[in-house]
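The values are calculated or read from the model by the stated rules, or taken from the named source; none is laboratory data. Note that the structure is a prediction, hence the values are computed from the model and not measured. Counting neighbours? That spans all protein chains shown, and the Cβs are built from the backbone with ideal geometry, glycine included. Just so you know, the surface numbers come from the protein's heavy atoms only, side chains and all, with ligands and any DNA or RNA stripped out. Shrake-Rupley method; radii C 1.70, N 1.55, O 1.52, S 1.80 Å.
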Amino acid sequence: MFSTFLNMKPRKKSKVIGLNERNIKLIYPNNAKKHYPLADDKVLTKEILHQYNIPCAETYAVIEYNSDIKKAWQTCKKYNTMAIKPANGCGGGGIKIIKKNLNGDWTSSGKVITERQIFQHMAATIMGFFSLGSHDRVLIEQCIEPHPFFHEIYPQGVPDFRIITLDHKPLMGMLRMPTDRSDGKANLHQNGVGIGVDMGKGTLTQVFDGKNYFDYHPDSKFLVKDIPIPHWEEILEISVATAKAFPLNYLGIDIVIDKYKGPQIMEINVRPGLGIQLVNKQGLKEIINTSEDII
């Protein structure tokens with residue numbers, strides 16, 4: 001979706017940051033490679049979030065070996081909903097949300113799924129199917145129930161906010177929303193849409209689908225322009241708290257708003273994508289130079 005944008009070479013006085021400039025001037029000086037696993041491994045991320053009492057989904061189980069799957073499942077199956085994730089997955093790959101229906105059967109994406117199929121998914125995760133072939137761990141955690149604010153815009157999937165921070169300062173944000181084509185995924189490269197955020201006002205701006213801009217969600221037609229974001233101050237506060245908790249100074253922080261618990265950290269990224277600039281019609285370099293002469 002954003003390949004054309006990412007392959008563009010920024011003009012001499014461009015306010016947009018390209019891939020090479022992002023790597024050389026933002027990632028390399030601010031994020032030591034030895035600390036990458038703290039962000040890339042969701043289990044390690046959760047351990048730090050729990051340590052600093054930063055709001056995030058409750059961890060139900062961590063499974064490292066196939067022999068541990070059935071034992072861990074016995075402690076988890078009492079819950080009616082849960083999220084099963086690869087610790088080192090990326091882009092939403094391998095995440096399975098399972099729920100019990102009225103008959104007590106497990107379902108995923110609205111279809112009945114057997115315990116055998118759940119175990120097979122966990123085994124595939126451990127074998128590295130979703131993490132480039134390397135041994136991985138399964139993270140089972142509380143399933144977020146999205147705030148009604150999101151359902152008004154689009155009723156399916158779990159949307160999240162991406163907040164870019166530099167030196168513990170929130171620079172730019174967007175709301176990532178699922179669409180009819182994204183199968184419940186909010187990721188931009190999986191056919192989700194990005195909605196710009198006015199960081200000062202805490203309101204939504206325009207919707208970008210990779211080609212066109214709208215004032216409304218392209219499927220629901222719900223008008224989003226200038227809508228206030230619930231819990232906005234809290235979102236900014238936990239973004240700063242998260243940035244300070246990790247020895248990584250340039251981050252993409254993903255936040256959901258739970259219906260009952262409010263803003264929750266989903267994950268952090270040491271190499272956040274640059275499509276957020278297109279979504280907001282503004283270059284990161286412009287934002288950074290406005291706050292401090294860093295680039």
Exercise for the section: Check the range 173-194 and report whether any residue there is of a type in the set (Asp, Glu) and open to solvent by 60 Å² or more (accessible area, probe 1.4 Å). Expected result: yes
Problem - Unmet criterion (only one of (1) hydrophobic (A, V, I, L, M, F, W, C); (2) touching a Lys or Arg at 6+ places or on another chain (Cβ under 8 Å); (3) within 30 Å of Lys25 (Cα to Cα)) for Leu166 - result: (2)
Practice task
Scan the range 95-120 for residues that are under 21 Å from the mean Cα position of the chain (by Cα) and crowded, with 17+ Cβ neighbours inside 10 Å and jot them down.
Solution key: Ile95, Lys96, Ile97, Ile98
Problem - Odd one out for Leu175 among (1) of a type outside the set (Asp, Glu); (2) modelled with pLDDT under 90; (3) within 30 Å of Asn23 (Cβ to Cβ) - result: (2)
Exercise for the section: Take the residues in the range 266-295 that are open to solvent by 40 Å² or more (accessible area, probe 1.4 Å) and polar (S, T, N, Q), then tell me which one is modelled with the lowest pLDDT. Expected result: Ser291
Problem - Residues satisfying the stated conditions in the range 206-262, i.e. open to solvent by 10 Å² or more (accessible area, probe 1.4 Å), part of a helix (DSSP H, G or I) and touching a residue at least 12 places away in the same chain (Cβ under 8 Å) - result: Trp232, Glu233, Glu234, Leu236, Ile238, Val240, Ala241, Lys244, Ala245
Completion exercise
Checked the range 96-151 for anything farther than 30 Å from Thr203 by Cβ, among the aromatic types (Phe, Trp, Tyr) and not in a loop (DSSP other than H, G, I, E, B); matches are Trp106, Phe119
Exercise for the section: Go through the range 38-79 and count every residue that is without any contact (Cβ under 8 Å) to a residue 60 or more places away in the chain, assigned to a helix (DSSP H, G or I) and over 25 Å from Ala245 (Cα atoms). Expected result: 7
Practice task
Report, by residue number, each residue of the range 189-205 that is within 15 Å of Asp160 (Cα to Cα) and outside any strand (DSSP E or B).
Solution key: His189, Gln190, Asn191, Gly192, Gly202
Practice task
For residues that are within 22 Å of Glu234 (Cβ to Cβ) and either over 14 Å from the mean Cα position of the chain (by Cα) or outside any strand (DSSP E or B) (or both), tally how many sit in the range 263-278.
Solution key: 2
Fill in the blank from the handout: Picking from Pro159, Pro148, the residue that is of a type outside the set (S, T, N, Q), closer than 30 Å to Lys225 by Cβ and surrounded by 21 or more Cβ atoms within 10 Å (Cβ to Cβ) would be Pro159
Exercise for the section: Please tell me if Thr75 is surrounded by 13 or more Cβ atoms within 10 Å (Cβ to Cβ) and hydroxyl-bearing (Ser, Thr, Tyr). Expected result: no
